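**Student:** My questions will all concern the structure given below.
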Amino acid sequence: MFDATPRSRPCQIGRAKGACYPAAVRAKWLLIIVGPALFMLLAGVVAMLVLPYPVPKRATPAQRLYLSNCATCHGASGAGSWRATIFLMHPSDLSDRRLVNGLTDEYLYLLIKNGGAPLGKPGMPAFGFHLGDDEIRELIAYLRALPTR
């Protein structure tokens, strides 16, 4: 006959009633839930590292040049970028007036156009192939007008 004592199966101990799934099914559900979350997390990190610095629609041409070419390393304010810190780069602090005012326009022009290697700053890339002479001069004027720390 009928036994009134409840018998518990091993998979129901400490679990809600009716939640007995084989290990293969639990692993698949875990993969379905955790897999996309991990993918989105990794995609977000890659996007932050790879995508260029955002440029506002109302940016001036000189500000647009700075944000699209220089802000990746020097940061939007000129004080440095977290992206550069991640890759252990230490770009110059352009918000430091003593540093920027101590450099001539010709030195900055050569630094931007030819890169830092000929001038003893090997981390600075050359932008002479991407920017024209007038654009480099606009960029120098923008650097001089950056707000200080």
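**Student:** Students often check this: by mean Cβ neighbours within 10 Å, which of 113-121, 73-81, 137-145 ranks highest, and how do the rest follow?
**Tutor:** Per-residue mean Cβ counts within 10 Å order the peptides as 73-81, 137-145, 113-121.
**Student:** Moving on. Order of 126-134, 91-99, 61-69, 30-38 by packing, highest average Cβ count within 10 Å first?
**Tutor:** My ranking of the peptides, most packed first, is 61-69, 91-99, 126-134, 30-38.
**Student:** State the answer as a single residue: which of 29, 92, 39 lies farthest towards the positive end of the charge dipole of the chain, with beta carbon charges of +1 for Lys and Arg and -1 for Asp and Glu, about the Cα centre.
**Tutor:** With unit charges placed on the Cβ atoms, the residue in question is 29.
**Student:** Something else: Is there a quick way to get the dipole size of the chain? I mean about its Cα centre, with the Cβ of Lys and Arg at +1 and of Asp and Glu at -1; what is the value in debye to the nearest 20?
**Tutor:** 1000 debye
**Student:** Can you list which of the DSSP-assigned H helices in the chain have a Cα extent of 24 Å or more along the long axis and an average Kyte-Doolittle score of at least 1.0?
**Tutor:** Numbers: long enough: 23-50 (39 Å, 2.09).
Helices passing the filter in the chain: 23-50.
**Student:** When Lys and Arg each count +1 and Asp and Glu each count -1, what net charge do the other residues less than 11 Å away from residue 111, Cβ to Cβ, add up to?
**Tutor:** 0
**Student:** Here is a further query. Which residues in the stretch 76-113 place their backbone N less than 17 Å from a point set 7 Å from the Cα of residue 133 along the Cα-to-Cβ direction?
**Tutor:** 105-113
**Student:** A further question on this structure: Given only helices, namely DSSP H runs of n ≥ 4 each adding -39500 (n - 2.57), what is the per-residue ellipticity at 222 nm of the chain, to the nearest 500 deg cm²/dmol?
**Tutor:** It comes out at -15000 deg cm²/dmol, rounded to the nearest 500.
Bear in mind that the values in this text are calculations on the coordinates, not laboratory data. Remember, it's a predicted structure, so these values are computed and weren't measured experimentally. Using ideal geometry, Cβ is built from the backbone for each residue, glycine included, and neighbour counts are taken over all protein chains shown.
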